[in-house]
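The values are calculated or read from the model by the stated rules, or taken from the named source; none is laboratory data. As the structure is a prediction and not an experimental result, all values here were calculated from the model. For neighbour counting, all protein chains shown are included, and Cβ atoms are generated from backbone atoms with ideal geometry for every residue, glycine included. Heavy atoms of the whole protein, side chains included, go into the accessibility calculation; ligands, DNA and RNA do not. Shrake-Rupley method; radii C 1.70, N 1.55, O 1.52, S 1.80 Å.
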Amino acid sequence: MVVDLTVAIPTYNGARRLPEVLDRLQLAYQDAACVTPDSGQTPQTNHSQTFSWEVLVVDNNSTDDTAQVVQSYQANWPQSCPLRYCFEPQQGAAFARRRAFQEANGVLVGFLDDDNIPAPDWVAAAYAFAQEHPAAGAYGSRIHGDFEVTPPENFHRLAPFLAITERGSQAQRYEPQNKVLPPSAGLVVRKQAWLESVPLQLVLTGRTPSSMLTGEDLEMLAHIQAKGWEIWYNPAMQIDHKIPHWRLKREYLIPFFRGIGLSRYVTRMLSVKPGQRPFATLAYLANDLRKMAFHLLKYGFRVRSDLIAACEMQLFVSSFISPFYLWSQGYLNQKD
């Protein structure tokens, strides 16, 4: 059964986090008056659009009670807006998203992490934007940080890396030359764009309990953009991203930024023609060295004691190391 929109929730050990997301989607169902295409009903949403949708939880090899939580919700979930469950044994966000596209019945696939609380009209706004922008292959949400504790001073410099996206109240297109793309949290992808653009196997697969290497969402979007699809920021889709206290600690943030940096060579080279990559690599290495030098001149010994400066320095250093690390670990041998 084809539906207009699938809301996919990839989760790893999300039994405690999922209920709040599912509760909010039930609220969205009431607001958007979701129906199946063959029901004969023609309700109007708050965007004056008629559409059908479903929810798909992709359990990415969880070891907790995630499956039981979903089953408990399925018992009382509206049949006209199915709540489905599937299990993906390969660890990593890229595998979970690939499984979501394979399982989704939707023409559009909207992704929510299990710590993303969407506004009640997020689903309706996601559907409406696709109708207004047929060339959009993917578009991201306006994401507010919902912090368990007060973040450190100057945290705004790191916020975009934690999937907090505040780009104003007007829709904006991500231009390829700016080399900026939205995070996967709150991202909606046109399934056709994914099928036409994204290889079955990406170089980057996402963070796992044994690795902080990331960037798989940017790799996916870079492929879609390279095929000529537009990528947008849609502020009408709003999400609260819950940030627990431990994600603001040095023990989490330094490895986190190391993982972002180490993955950067892949995303940097996707928009560069193969013959130009040696020259682009040298240019990026020189620029990373410049950033490290200026950062040290600015902060000196505070580059270790100042958490924000330390994270930025880790990002610059890891970005410089990225091509050597990925080559030595065999990542760059997986594909041309």
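Run Thr208 past the list (1) open to solvent by 20 Å² or more (accessible area, probe 1.4 Å); (2) in contact with a Pro (Cβ under 7 Å, 6 or more places away or on another chain); (3) of a type in the set (Val, Ile, Thr) and report the number of the one that doesn't hold.
All conditions are met except number (2).
Of all residues in the range 215-233, which are open to solvent by 10 Å² or more (accessible area, probe 1.4 Å) and in contact (Cβ under 8 Å) with a residue 60 or more places away in the chain?
Residues satisfying the conditions are Glu216, Asp217, Gln225, Lys227, Trp229, Glu230, Trp232.
Looking at Ala159, is it of a type outside the set (Val, Ile, Thr), closer than 18 Å to Asp217 by Cα, touching a Leu at 6+ places or on another chain (Cβ under 6 Å) and open to solvent by less than 30 Å² (accessible area, probe 1.4 Å)?
no
Could you list all residues from the range 197-232 that are assigned to a strand (DSSP E or B) and under 25 Å from Arg17 (Cβ atoms)?
Thr208, Ser211
Considering each residue of the range 236-259, count those that are open to solvent by 20 Å² or more (accessible area, probe 1.4 Å), of a type outside the set (Asp, Glu) and within 16 Å of the chain's Cα centre (by Cα), and give that number.
The qualifying residues number 2.
Restricting to the range 301-322, name every residue that is at pLDDT below 95 and of a type in the set (Gly, Ala, Ser).
Ser305
Determine which single condition Glu166 fails, assuming it passes every other condition in (1) touching a helix residue (DSSP H, G or I) at 6+ places or on another chain (Cβ under 8 Å); (2) surrounded by 15 or more Cβ atoms within 10 Å (Cβ to Cβ).
(2)
Which of the residues spanning the range 72-129 are small (Gly, Ala, Ser), in contact (Cβ under 8 Å) with a residue 60 or more places away in the chain and in a loop (DSSP other than H, G, I, E, B)?
Passing the criteria: Gly92, Ala104, Ala119.
Restricting attention to the range 173-185, which residues are touching a Phe, Trp or Tyr at 6+ places or on another chain (Cβ under 7 Å) and either in a helix (DSSP H, G or I) or surrounded by 21 or more Cβ atoms within 10 Å (Cβ to Cβ) (or both)?
Leu181, Pro182, Ser184 - these are the residues of the range 173-185 that are touching a Phe, Trp or Tyr at 6+ places or on another chain (Cβ under 7 Å) and either in a helix (DSSP H, G or I) or surrounded by 21 or more Cβ atoms within 10 Å (Cβ to Cβ) (or both).
Keeping to the range 251-307, report how many residues are over 25 Å from Thr205 (Cα atoms), touching a helix residue (DSSP H, G or I) at 6+ places or on another chain (Cβ under 7 Å) and not in a loop (DSSP other than H, G, I, E, B).
10
Within the range 133-150, does at least one residue satisfy the condition of being surrounded by 15 or more Cβ atoms within 10 Å (Cβ to Cβ), touching a Pro at 6+ places or on another chain (Cβ under 7 Å) and in the same structural domain as Gly14 (by the TED database)?
Within the range 133-150, one or more residues are surrounded by 15 or more Cβ atoms within 10 Å (Cβ to Cβ), touching a Pro at 6+ places or on another chain (Cβ under 7 Å) and in the same structural domain as Gly14 (by the TED database).
Condition test on Leu332, is it more than 16 Å from Ile260 (Cβ to Cβ) and touching a residue at least 60 places away in the same chain (Cβ under 8 Å)?
yes
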